[in-house]
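Below you'll find the structure, written out as structure tokens, and then a few comments.
Where a number appears in this text, it was derived from the coordinates with a stated rule and is not lab data. Bear in mind the structure is a predicted one, so any value in this text is a computation, not a measurement. Please note: Cβ atoms are built from the backbone with ideal geometry, for glycine as well, and neighbour counts cover all protein chains shown.
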Amino acid sequence: MKRAEIDPSRKAATIETGVIAGQLDYLTQAFKLAVPLGSCPAVGVAGYALGGGEGSLTTRFGHGCDSITRIEVVTADAGVHTASAQENADLFWAMRGAGANFGVATSLEFQLHPVETVLSGHLKYPLRQAKSILRFLNEYAPAIPNELFLTAAVLPYPGERMLDVAVVWSGDERRGERVLRPLRTFLKPLEDTIQTNTYLDEQRSGSGTPDDNDYCSHRKSGHFEQLDADTIEVIAEHTSSAPTEASGITMIYWHGPWCSAPHDNAFGFRRVGFEYWIHAYWRKAGERKRSWEWVEQFHAALSPLSSEAVYVNGLENEDAERVRSAYGNNYERLSRIKHKYDPGNFFRVNQNIIPAP
């Protein structure tokens, strides 16, 4: 199911749901347009966007679900429906943020956004400087403009593990240089690769984490509002004792109008602050126990410092309370819509919403 149609005059794309992110980026960038997508080219667009969808354009243009304008869906009774603002509006609201619970999407229409080049790259620091950099980010991040996407991660690097600060600026380049100057000059990094790139090249650069086809992995995610002293201490303590070179934590700073106020869909993770996920990767069977326990212990130590919010696409096989947290205040309305379209909970192999009685 790979059919895709681009209408550059309407700035719209219609795709079947076998299209993956890298393919859609290639198609839309031929017209200097884009859908807000993540940085992993192999991820399926439909599942990603219907679960919210976040990436380097989110703080400026919204999440993937915010750009969906129409969905074709097969529901549990084998009915084929069009969901949009004009047709089956309740289903349209629900699927943009909790889509897998209500049916099988067979096509999606997206509103496209203009983007051609970005100012992007990485600043890499020795792990011993992590506390200083994180303290600086805690002061720097709340004032950044909507055009700036900012992440900080402990990732493997040849010879040692590093703190990697990555940026994508999608606005005016000269203004971006001014905004990034304090970040680039606070401490001299071991490496500074920030430069003008095509958006397509930035997307193809990937996430910096190992390929799941080559590694086993375990992850836990969450959110905290700021990098206060206690949070930084927990991060420093656990990253210094990671079980494998490819184990660490990634944090994205969310901000701007798309990340704070409610919008006209069911996506529940709209929180200013740092989304994080703790990740361990291993190849040898003997590394599994220690890696798994490290993730669980790290997450348990961060939990008292975190909000209850969690991104639904960041959940693994977790309990019902965590699923409710992912949908937030939208859960009860979602439950009622679930009863209307799937009262028998046929679509349950997901972050499940229980149909209302």
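For Phe149, the shell of other residues with beta-carbons less than 13 Å away shows a net charge of -3, using +1 for Lys and Arg and -1 for Asp and Glu. Label positions at Glu139 and Asp201, each projected 7 Å from the Cα along the C-beta direction, are separated by 3.4 nm. Entry note, segment 117-314: relative contact order of 27 percent, from Cα contacts under 8 Å with a spacing of 6+ residues. Of all aspartates and glutamates in the structure, those lying under 18 Å Cα to Cα from Lys11, and not within fewer than 8 positions of it along the same chain, are Asp25, Asp66, Glu109, Glu116.
For segment 41-55 and segment 101-163, compute the distance between their C-alpha centroids and round to whole Å. Here the answer is 17 Å between Cα centres. Relative to the current alpha-carbon distance between Glu5 and Ala78, full extension at 0.36 nm per residue lengthens the span by 23.7 nm. Counted by neighbouring Cβ atoms within 10 Å, the residues His218, His63 run from fewest to most as His218, His63. Among (i) 52, 45, 42; (ii) 64, 52, 35; (iii) 58, 46, 37, which one is Cα extents along the principal axes in Å computed from these coordinates? It is the value labelled (iii). Label sites at Val349 and Arg288, each approximated as a point 7 angstrom past Cα along Cα to Cβ, lie 2.1 nm apart.
Of Gly328, Gly18, Gly286, which has the largest mean-square fluctuation in a 10 Å C-alpha GNM of the chain? It is Gly286. A straight Cα-to-Cα reach below 17 Å connects Lys220 with the lysines Lys289, residues fewer than 8 places away in its own chain not being considered. The label point for Gln226 and the one for Ala42, both projected 7 Å from the Cα toward the Cβ, are 4.0 nm apart. Counting only the Cα atoms, segment 185-307 fills a convex hull of 176 Å³ per residue.
Select from Gln29, Gln195, Gln86 the residue whose mean-square fluctuation is largest in a Gaussian network model of the chain (Cα-Cα springs shorter than 10 Å). In this elastic network of the chain, the residue with the biggest mean-square fluctuation among Gln29, Gln195, Gln86 is Gln86. Listing Thr69, Thr196, Thr185 from fewest to most neighbouring C-beta atoms within 10 Å gives Thr185, Thr196, Thr69.
The stretch between Ala320 and Gln297, if pulled fully straight at 0.36 nm per residue, gains 6.2 nm over its current Cα-Cα span. Just list whichever of Lys2/Lys32; Lys124/Lys188; Lys2/Lys338; Lys2/Lys340 have alpha carbons separated by over 19 Å in the model shown. Checking Cα-Cα distances, Lys2/Lys32; Lys2/Lys338; Lys2/Lys340 exceed 19 Å. Based on DSSP H segments of at least four residues, each scored -39500 (n - 2.57), the chain has a per-residue ellipticity at 222 nm of -8500 deg cm²/dmol.
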